[in-house]
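The values are calculated or read from the model by the stated rules, or taken from the named source; none is laboratory data. Please read all numbers here as calculations on a predicted model, not as lab measurements. Ideal geometry is used to build each Cβ from the backbone, glycine not excepted, and the neighbour counts take in all protein chains shown. In case anyone asks, the SASA skips ligands and DNA or RNA and just uses the protein heavy atoms, side chains included. Shrake-Rupley method; radii C 1.70, N 1.55, O 1.52, S 1.80 Å.
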Amino acid sequence: MNGIEGRFEVAGANAALSFFRTLEPARLGHGYLFTGPAGVGKKTFARELARSLLCETPKATLLGYCASCPGCTLFAAGTHPDFIAAAGTIKIGGAGGSALHDEDVTSRDLVRELSLHGYRSRYRVVLLGDVAFATHEAANALLRFFEEPPSGVVVLLTASGPGALLPTIRSRLVELPFGPLPAAEVERILVAQGVAAGKARLAAEVSLGSMSRARALLDEEDSGVRDASYAWFAQALLGEPADASFLRLDDRGRTGAEKRAAVGELVELVRAAARDWVALQLAGEDAPLLAADKRDLLSGLPPREPAALVTLLAAVGDVERLAATNVSAGLVVDYLRLQLAPAVATAR
Ligand SMILES: [Zn+2]
């Protein structure tokens, strides 16, 4: 037996996994602190632990849940009455809101939530993600809890920096370190989230083992490539030398498949840009666009004769088919640029 019955889906978390796998349920404490860099799975582990504790199917292990009992169903719906999650700074006092609420937690809320026993479960789990305490008094709410904790109440805290918690609080917690995720694990999760394999591998390589860093890099790359693709489209339409360096077709570190994927993305974006540009000429400034944020750029481009627009849209469609073949990525880009370029006045 590996110390887990049922489901438990986390990445990394080696220290926390081996700790809770071997912990007898009767010896579960009242406070745990998960420390480590951002994006390495601290909160994911805390949520999976909470879900395990609130699962109503009998199990011999602390970790693991059935995913089908009423407790698991309530947890999945985000409505389990014995799971409270909050993040951010715990402020002092409070307006007396009805429950803990993300980003707006007060010490009074915290005191109330920590004083309650489980409603339907033998456990009540309070997850405080990346918490900081605005004042000493706010921190005291948590200290008082540790002096006389109600049975079954478990507080899980996550922190990325060592200085976020007072030593008096820290000393009451069992601290479990979270290290960077292996690159292969980051890649696996990104692919499961729908990121293309080539991109996922690159992002994982430079992620330093952090999912949040990998996602931020992908988002930035996406918007960078998109902006560069629209600029390329405008330059090509004007007949200017279009800058395709963002496609990194000369990068020897990139495989042919990666280059073709980059060009495929350019062709797709150019097709959307061409449709929007034509729509602006047909319906005027108020035409609904696929890319509303590019309206100014596209409406500033010179119009063409309707017949030329029909030919251009058809040609871009042809390039999309060409890009799906084995033709070299550089040739596809050159061919696309020629289709967009203004017709050269032919001397007769
Ligand atoms: Zn269950």
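Selection of first residues in segment 53-73 that are closer than 12 Å to Ile4 by Cα and within 6 Å of the ligand (Cβ to nearest atom) and of second residues that are open to solvent by 10 Å² or more (accessible area, probe 1.4 Å) and in a loop (DSSP other than H, G, I, E, B), restricted to Cβ pairs under 6 Å at least 6 apart or on distinct chains, gives the following pairs, ordered by first then second residue: Tyr65/Gly6; Tyr65/Cys55; Cys66/Gly6; Cys66/Cys55; Cys66/Thr57. Taking segment 68-80, which residues are of a type outside the set (Gly, Ala, Ser), under 26 Å from Leu142 (Cα atoms) and open to solvent by 50 Å² or more (accessible area, probe 1.4 Å)? Correct list: Thr79 only. Within segment 153-195, take every residue that is more than 17 Å from the chain's Cα centre (by Cα), part of a helix (DSSP H, G or I) and of a type outside the set (Gly, Ala, Ser) and give me the one that is surrounded by the most Cβ atoms within 10 Å (Cβ to Cβ). The qualifying residue surrounded by the most Cβ atoms within 10 Å (Cβ to Cβ) is Ile169.
Please enumerate the residues belonging to segment 49-67 that are small (Gly, Ala, Ser) and either open to solvent by less than 10 Å² (accessible area, probe 1.4 Å) or over 26 Å from the mean Cα position of the chain (by Cα) (or both). Hits for segment 49-67 are Ala50, Ser52, Ala60, Gly64. Figure legend. Inter-residue proximity from segment 283-297: first residues in contact (Cβ under 8 Å) with a residue 24 or more places away in the chain, second residues not small (Gly, Ala, Ser) and not in a loop (DSSP other than H, G, I, E, B), beta-carbon distance below 7 Å, spacing 6+ or different chains. Indicated pairs: Ala291/Asp276; Lys294/Tyr230; Lys294/Asp276; Leu297/Tyr230. Filtering segment 227-241 for residues that are modelled with pLDDT of 90 or more, open to solvent by 60 Å² or more (accessible area, probe 1.4 Å) and part of a helix (DSSP H, G or I) leaves a non-empty set. The residues of segment 1-21 that are out of contact with any Gly (no Cβ under 6 Å at 6 or more places or on another chain) and either open to solvent by less than 30 Å² (accessible area, probe 1.4 Å) or within 23 Å of Ser151 (Cα to Cα) (or both), listed by number, are Gly3, Ala16, Leu17, Phe19, Phe20.
Report yes if Ala87 is under 23 Å from the mean Cα position of the chain (by Cα), modelled with pLDDT of 95 or more and either open to solvent by 10 Å² or more (accessible area, probe 1.4 Å) or not basic (Lys, Arg) (or both), otherwise no. The answer is no for Ala87. Considering the conditions (1) surrounded by 15 or more Cβ atoms within 10 Å (Cβ to Cβ); (2) of a type outside the set (Lys, Arg); (3) not in a loop (DSSP other than H, G, I, E, B), Val310 is excluded by exactly one of them, (1).
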